[in-house]
Amino acid sequence: MSAPRLPIGRLPIGRLPIGRLPFARVTADRLGVAVSALCLVHCISGLVLVTLLGIGGSVLLNPAIHEIGLAVAVVVGAIGLGLGLLRHRRMELAALGGGGLALMATALAVPHGPAEAGLTMVGVLLVATAHILNMRHRHA
């Protein structure tokens, strides 16, 4: 049984610049995985350094870092996953990445601490997984 496809209709992908430049999709997805990895490292290092060692709280727990990171993740995710969606129409990848971004956005409303870090880390893992799967389906 095949995966559900988004009923976009027939898009002239071959006429769009992205249709002739497949590296743009792959680069956006790779950038998405890299941003996700940096976010995960930030969350883990923040928890370890602040909780166990009591250092770096003013920098690592600064809400501006999370807000900027979320903005970057949304832009990179929208570009990378959006280009892949136009190409292979696998809606489940957009839903997976969108769910991850939603968890990351929810984490902004939670006070800094384990709950916020947990929401962010699960969201980051979902977004990274969606980007990796998007790269695998780029030829579909």
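Considering the conditions (1) loosely packed, with under 15 Cβ neighbours inside 10 Å; (2) under 16 Å from V75 (Cβ atoms), N134 is excluded by exactly one of them, (1). The residue of segment 106-115 that is modelled with the lowest pLDDT, among those that are surrounded by fewer than 22 Cβ atoms within 10 Å (Cβ to Cβ) and part of a helix (DSSP H, G or I), is P114. State yes or no: is L103 more than 13 Å from H131 (Cα to Cα), modelled with pLDDT of 80 or more and crowded, with 17+ Cβ neighbours inside 10 Å? Taking the combined requirement at face value, the residue satisfies it.
The values are calculated or read from the model by the stated rules, or taken from the named source; none is laboratory data. Computed from a predicted model, the values in this text were never measured in an experiment. Virtual Cβ from ideal backbone geometry, glycine too; neighbours counted across all protein chains shown.
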